[in-house]
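Quick notes on the structure that follows.
Derivation of every value follows stated rules applied to the coordinates shown; laboratory data play no part. All values derive from a computational prediction rather than experimental measurement. Neighbour counts run over all protein chains shown; Cβ positions are idealised from the backbone, glycine included.
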Amino acid sequence: MVGVNFKVTLAPSNRQFEIAEGSTILDAAARSQLSLAHGCRDGSCGSCKSRVLSGQISHPDNCAGITPDELAKGYVLSCVATADSDIQLESDWYPELDGIKAALFPCKVDSISFPASDIAILTLRLPADSIVNYLPGQYIDLIWKGLRRSYSIACANTQGAGLELHIRQLAHGVFSDLVFNQLKPGTLLRLEGPHGTFFVRDSEAPIIFLAGGTGFAPIKAMIERLFEQHSTRSIHLYWGAASVDHLYSGLPDEWHKKYQNFSYTPVISSDDTGWSGHRGLVHQAVLDDHSDLRPFEVYACGSADMITVAKTEFVGRRLLAEHFFSDAFTAHKPNK
Ligand SMILES: Cc1cc2nc3c(=O)[nH]c(=O)nc-3n(C[C@H](O)[C@H](O)[C@H](O)COP(=O)(O)OP(=O)(O)OC[C@H]3O[C@@H](n4cnc5c(N)ncnc54)[C@H](O)[C@@H]3O)c2cc1C
Ligand code: FES
């Protein structure tokens, strides 16, 4: 049976695309080469929240990324919502991502190292004719042994030399356990990507990067790209971790010595002895330094809790909500 096709019209741009019955709005837009805002792609993070101005949609209940109140007010998550009629949707799309299309690639583990007992740095090599075209900040899905998990690309290099990932081992984590116990140089896997709309926007505004744990990975790629571009924007990285060991890269200190426009505040949340720097929650270090965040753009990556509290409190310090960009490391959903 041939499925019904409806039309989605984006407001205010008036861009249109077709959507087949049963397809999510996000997937249908991607098939028409339009990138709508998104993160996890499974209803968990809320990045794709947008408002339906007219038309009928179907939406699953109990998505962590949206409240019943928001649903009642006409908001939907475009990564899980499907169309039951032509619809008009209040949503931007990202021309910066035109020409960037997710695809499936074979890849091989080039190296694996462990800068902390529960952090792995993986480099992946792709066949010579395969290039993952991405913007630093985006992520890929790693597919292995019938499992699929999302990991941010931790390097700015887009010239096909390979990809770097930073993976934290979670207690009882199915995939991260496999990475730590079975993955070896030479292991063959597949990856799908790039995905996500976390990338540095074109602007002159000073930037605050907020990283929690391995949330440093996409931020490292973004900062490397800014340096490659000889950006003169003011860049301040706040990197929070449970303990000193978990600030697993010496790069921020090197960048601080090398680039005048880069500054760095590491923050530890535990009682580690011998640490004389900031202690507490990483977003609090930003609040301690800034009474007025109006001039800034903030790029935040880490747990959903860190991102939610940072956005609320930064907007309370006059940050424009549309200048807060984030990628939340939400847990995998089996249906993804
Ligand atoms: C867009 C995106 C980018 C990501 N990038 C990275 C990255 O660069 N580096 C990285 O280390 N992780 C990243 N993650 C998280 C990653 O995809 C996996 O969720 C994580 O590795 C756990 O997988 P697992 O199979 O080991 O654990 P699972 O077996 O899936 O889960 C084990 C237990 O841990 C909980 N859990 C799962 N994920 C998390 C989490 N992130 N925080 C707290 N509890 C969790 C589960 O609810 C479950 O109780 C990203 C997630 C998203 C959505
Ligand atoms: S909730 Fe839709 S992309 Fe995360």
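Before moving on, here are some points about what is shown:
- Mean shadow area of region 207-328, taken as a quarter of the surface of its Cα convex hull (nm²): 7.1
- With the biggest extent put first, the Cα atoms of region 125-167 measure 28, 22, 14 Å across the principal axes.
- Zone residues, region 71-106, relative to Asp27, backbone N less than 17 Å from point 7 Å out along Cα-to-Cβ: 77-85, 102-104
- Centre-to-centre, using Cα atoms only, region 64-131 and region 154-221 are separated by 12 Å.
- For region 305-322, putting each phi into the Karplus relation 6.51 cos²θ - 1.76 cosθ + 1.60 with θ = phi - 60° gives couplings of 5, 4, 5, 4, 5, 5, 4, 4, 6, 5, 5, x, 9, 6, 5, 6, 4, 6 Hz, in residue order, rounded to whole numbers and with x for Gly and Pro.
- Cα pair distances of the chain binned at 10 Å [whole percent]: 5, 24, 33, 25, 10, 1, 0
- Ser263 paired with Asn62, simple spin-label distance in nm, labels 7 Å along Cα-to-beta-carbon: 4.8
- 5 angstrom amide H check on Ser263, placed H, neighbours 5+ away: Ile235, His236, Leu237
- Modelled label positions at Gln229 and Arg201, each set 7 Å beyond Cα in the direction of Cβ, lie 1.3 nm from each other.
- Using θ = phi - 60° in the Karplus curve 6.51 cos²θ - 1.76 cosθ + 1.60, the 3J(HN,Hα) couplings for region 254-260 round to 5, 4, 4, 6, 8, 10, 5 Hz; x is entered for Gly and Pro.
- Note, ³J(HN,Hα) from phi for region 17-30, Karplus 6.51, -1.76, 1.60, rounded to Hz, x at Gly and Pro: 8, 8, 9, 7, 4, x, 7, 6, 4, 4, 5, 5, 4, 4
- Applying the criteria of a DSSP loop state and at most 15 other Cβ atoms within 10 Å to the GluC sites (Glu not before Pro) of region 155-235 yields Glu204.
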